[in-house]
Amino acid sequence: MQKGDHLFLVDGSAYIFRAYHALPPLTRKSDGLPIGAVSGFCNMLWKLVEESRETSVGVAPTHFAVIFDHSSTTFRNALYDQYKANRQAPPEDLVPQFAVIREAVRAFDLPCVEKQGFEADDLIATYTRLAVEAGGDVTIVSSDKDLMQLVGPGVILYDQMKDKRLGPQEVFEKFGVYPEKMIDLQALVGDSSDNVPGVPGIGPKTAADLLGAYGTLENLLENAGEIKQAKRRESILAHAEQARLSKRLVTLDQHTPLEVGLDDLFIHEPDGEKLVAFLKAMEFTSLTRRVTAKLGTDASAVEAAQVDVTAPARGPDLDPGGTPGGEKTGSHLAMTPAAHAAERLQAEAATPVDRSTYETVRDEARLEHWIARARETGVVAFDVETTSLDAMRADLVGLSLAVAPGEAAYVPIAHVGEGGGDLLSDEAAREGVGAQIPLGTVLDLLKPLLEDPAILKVAQNAKYDYLVMRRHGVETAPLDDTMLISYVLDASSSLEGHGMDELSERFLGHKPISFKELCGSGRTLKPIAAVAIERVSEYAAEDADVTLRLWRVLKPRLAAEGLAHVYERLERPLVPVLARMEERGIRTDRQILSRLSGRFAQKAAGLEADIHILAGEPFNVGSPKQLGEILFGKLGLPGGKKTKTGQWATDARLLEDLAAEGHDLPRRIVDWRQLTKLKGTYTDALPTYMDAEDRIHTSYSMASTTTGRLSSSEPNLQNIPVRTEEGRAIRTAFVAPAGHKLLSADYSQIELRLLAHMAEIPQLTEAFRQGIDIHAMTASEMFGVPVEGMPSDVRRRAKAINFGIVYGISAFGLAAQLSIPREEAGAYIKRYFERFPGIRDYMDRVKLFCRRTGHVETLFGRRAHYPDIGSSNPQVRAAVERAAINAPIQGSAADIIRRAMVRMEEALAAERLSARMLLQVHDELVFEVPDDEVEATIPVVRRVMERAADPVVELAVPLVVDARAAANWDEAH
DNA sequence: TACAGATCTTA
DNA sequence: GTAAGATCTGTAC
């Protein structure tokens, strides 16, 4: 929160009573649930959100919260036991609506705040103070006079019913005192509805007069003897202490401990589908119509949500809270998400993991028992044990299940004797390990459970388990992934990763058996199938148990921290999409790679011989250490620099500079390195990944970058060469099979476009709208050179600066990139910021936000945490700041292509196209398309990609996608 | 055998 | 100047 921000605080409890009384009583839904107040509440909230957005109410909110009362007992009861003692119980038909209204607020994707032991007014007072201190403005949506004491500079009260705004002047007109005197006035007048006594015989008018004359309550009480009117004087003298007590009762607590921070109230677009699902469930047809019209959600495509207030469960895929048959968790519906999450963490951390209770399932009856238990709880954590870390090559060895914390089992399937079984027949190998249910039977029994839409399956790194099960004919769904939940919550460069062992130690305080402890490593590595079943059972069941416990701790945090949208829209649905891409793989031409390897080897050998002659002795060219000795020691070449570790630096840029000075040796070393790199990393290595159909299956990691990008490994298909001609030759080996083409579609300048949008730079936005060459435009702005006939070097420099901006530019880095003095680079940057001052403002805003909150956010709300942003080491801090500046840009682009990928399969299917997505390379998607569908596919792919930000973010710049199809990746790209 | 550092590939 | 992963070398264990 900062200057210019605007916080809206809705007094939810007052809202409820107004909605209830404003509507005809006994409005009921078809199933009999009374929903009059819910309806009124939703209408008012929608109207408020919509109107405030259109700024007719005043300034549009940047932060928003709905605040509720949480309990009847507060610190005021300790002061005065009669406080609110004569409050009447709420009407009977209103009671069940309270929980539904909290659901409504969540459906609107608005933060819903309440705290045990505190009144809504105190929370409102605290948020108001914090917002004002941060320099922001506040609109309190309420007409309660108790809140008038908060009105002041930047703080107003808004009465939605009357459409009236109350500032200090309006308060004075109404009560005869300015807001800062409201507390004293209330102390004198009292409040019969809250049982605040006040001073008998003193009403608002008298109180205002007295305060006008005496200034403050305390001054009045001290000098009450001077009051002329006898009755008034005696009453005040007699009730002075009562007035002081009343003052304490009506004074709002501006220092309530908060569980939801001010910055967590940052507003974002409502999730149309979630909201419509709720409204449909409530049968609010006219509001549904208005909402869909506004948000562009297709109501017919959305199913009504399950909102059931009679049972604590809300359906397993929405909430890991009350599961039917699970232990009592309290009526969490009445809790804030944050309180719920905190309670969960405490509960799980307090329950130790006990491996001795796990069961090894060796017959069908017991397996059926576990399946039945899973059906009772509605949630099951599972984990597959296999022969390989590579999901595409892995065979099932066993499988574990957990249905409740501490209630877990392992189902051995393909364990063999201690010898390993390599030389034995299956049957002989399985001797002596005890009974195991045959694989086919296990699958037959588990398939209905794993595919049951009503049973939530939880896994750690679910893509792996999903893929293994899919290869065994099981389409696991719905699926939650603890690794991805952790990633969404805590993506950070300095925090460790999201592996299960790590998460378990962090959140449960428990260290699970590691794979290494179970199977050894290196020379001692033993196939898991050959490890004693009882030991594997403990290990595997523990993994499922821990996964379930982690899920119970982490899942509620998503809602509490406003990250449910990121998880539900950008992570969860991508799991099966990526799994299928990995499963398909891409066809590769072994011959092309082999020919290239030969050519590279020959050329490298020739260069190596030359190098040895020029060096005067044979040495290992691949050793930078030996090379440095030769170049800068023996031959005494100039320009020797040291690396961090004191070795001679021999990187390509340095060698290029030497070559430019006319030295033969460095040139050849650069060439040799390129060839051996291409050979070693690509042409030699790629064939080892090919399967029987000559296809290569990469593995995507969804949780290993701080920004939200994917990464690819084994092999990495996101760094296949493209810049040099020899490198590009490798791309010709990635081919489409007979009758097909490869289609490559990539976003043009997506990061710069997003920068233009996010920083709101008019020149850049306009240039993108008109389709102007952005680097030439930048050069023209900076150097005053007309775009027509611009020298290529001028454009090149501008291009480097544009890239630099996205990377959080430094003079040092730009100087290195352009091989110019640092002073010159610094001058460029200065000039750039003069021409585009909005960029500097934007960067400052991002840094400030990060400093305040410890994180930055993408357009879609994904967070990247930078705990070291406040480092006292200027170099560290500058590096973190650059990362923090880059993350929202890189991350928003990553979010956009994720959205495109999630929507792509359905869009293609809807057009009856059989194109298959194979690869993602950050801003590019590669498809395999039948020859005769290429023409029809291109517009569909482009449309999905170009509209991927809709409807959550309306970009000020167009997204442009270039798409081309060809027989191989090089020609398509 | 395991790990860190240097180097090079991509967006 | 951002974000990744793979390979090779050299050294520590």
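The values are calculated or read from the model by the stated rules, or taken from the named source; none is laboratory data. The shown structure was predicted, so the numbers you read here are calculated from the model rather than taken from an experiment. Here the Cβ positions follow ideal geometry from the backbone for every residue, glycine too, while neighbour counts run over all protein chains shown. Note: accessible area is taken over every heavy atom of the protein model, side chains too, but ligands, DNA and RNA are not part of it. Shrake-Rupley method; radii C 1.70, N 1.55, O 1.52, S 1.80 Å.
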Would you pick out the residues in the stretch A:690-709 that are within 9 Å of DNA strand C (Cβ to nearest atom), closer than 22 Å to A:SER388 by Cα and in contact with a Gly (Cβ under 9 Å, 6 or more places away or on another chain)?
A:THR698, A:SER704
For A:ILE809, state whether it is over 24 Å from the mean Cα position of the chain (by Cα) and outside any helix (DSSP H, G or I).
yes
Scan the stretch A:149-174 for residues that are assigned to a helix (DSSP H, G or I) and modelled with pLDDT of 90 or more and report the count.
2
Answer from A:ILE820, A:ILE774 - the residue that is more than 22 Å from A:LEU654 (Cα to Cα), of a type in the set (Val, Ile, Thr) and out of contact with any Asp or Glu (no Cβ under 8 Å at 6 or more places or on another chain)
A:ILE774
Residue list for the stretch A:600-622, restricted to those being within 13 Å of DNA strand B (Cβ to nearest atom), surrounded by 12 or more Cβ atoms within 10 Å (Cβ to Cβ) and free of Cβ contacts under 8 Å to residues at least 60 places away in the same chain
A:VAL621, A:GLY622
Pairs only if they're at least six apart or on different chains, beta carbon under 8 angstrom, first in the stretch A:353-374 and within 18 Å of A:ALA454 (Cα to Cα), second open to solvent by less than 30 Å² (accessible area, probe 1.4 Å) and in a helix (DSSP H, G or I); list them, first residue then second.
A:ILE371/A:LEU446; A:ILE371/A:LEU449; A:ALA374/A:LEU449
Criterion first (touching a helix residue (DSSP H, G or I) at 6+ places or on another chain (Cβ under 8 Å), surrounded by fewer than 22 Cβ atoms within 10 Å (Cβ to Cβ) and closer than 24 Å to A:HIS498 by Cβ) does A:VAL902 satisfy it?
yes
Using the structure shown, decide if A:ASP159 is in the same structural domain as A:ILE67 (by TED's automatic domain parsing), open to solvent by 50 Å² or more (accessible area, probe 1.4 Å) and not aromatic (Phe, Trp, Tyr).
no
Return the only residue of A:PRO90, A:PRO61 being at pLDDT 75 or above and more than 24 Å from A:GLU561 (Cβ to Cβ).
A:PRO90
On the given criteria, is A:VAL38 closer than 26 Å to A:LEU252 by Cα, outside any loop (DSSP other than H, G, I, E, B) and modelled with pLDDT of 85 or more?
no
Determine whether the stretch A:875-885 contains at least one residue that is buried (at least 22 other Cβ atoms within 10 Å of the Cβ), at pLDDT 95 or above and either touching a Leu at 6+ places or on another chain (Cβ under 8 Å) or outside any helix (DSSP H, G or I) (or both).
no
List pairs: first in the stretch A:718-730 and without any contact (Cβ under 8 Å) to a residue 60 or more places away in the chain, second more than 16 Å from DNA strand C (Cβ to nearest atom) and not small (Gly, Ala, Ser), Cβ under 7 Å, 6+ apart or cross-chain?
A:PRO721/A:ARG728
Yes/no for A:LYS679 being within 12 Å of DNA strand C (Cβ to nearest atom), open to solvent by 20 Å² or more (accessible area, probe 1.4 Å) and among the charged types (D, E, K, R)
yes
What do you reckon, is A:ALA559 open to solvent by 10 Å² or more (accessible area, probe 1.4 Å) and away from DNA strand C (no atom under 16 Å from the Cβ)?
yes
Tell me, which residue of the stretch A:710-725 that is open to solvent by 30 Å² or more (accessible area, probe 1.4 Å) and within 6 Å of DNA strand C (Cβ to nearest atom) is nearest to A:SER892 (Cα to Cα)?
A:SER711
Would you mention how many residues in the stretch A:703-748 are farther than 18 Å from A:ILE586 by Cβ and in contact with a helix residue (DSSP H, G or I) (Cβ under 6 Å, 6 or more places away or on another chain)?
4
Out of (1) within 13 Å of DNA strand C (Cβ to nearest atom); (2) β-branched (Val, Ile, Thr); (3) in a helix (DSSP H, G or I); (4) open to solvent by less than 50 Å² (accessible area, probe 1.4 Å), what's the single condition that is false for A:VAL670?
(1)
Which residues, counting only those in the stretch A:840-874, are surrounded by fewer than 21 Cβ atoms within 10 Å (Cβ to Cβ) and of a type in the set (Asp, Glu)?
A:ASP841, A:ASP844, A:ASP868
Restricting attention to the stretch A:131-140, does a residue exist that is over 30 Å from A:LYS280 (Cβ atoms), part of a loop (DSSP other than H, G, I, E, B), touching a residue at least 40 places away in the same chain (Cβ under 8 Å) and touching a strand residue (DSSP E or B) at 6+ places or on another chain (Cβ under 6 Å)?
yes
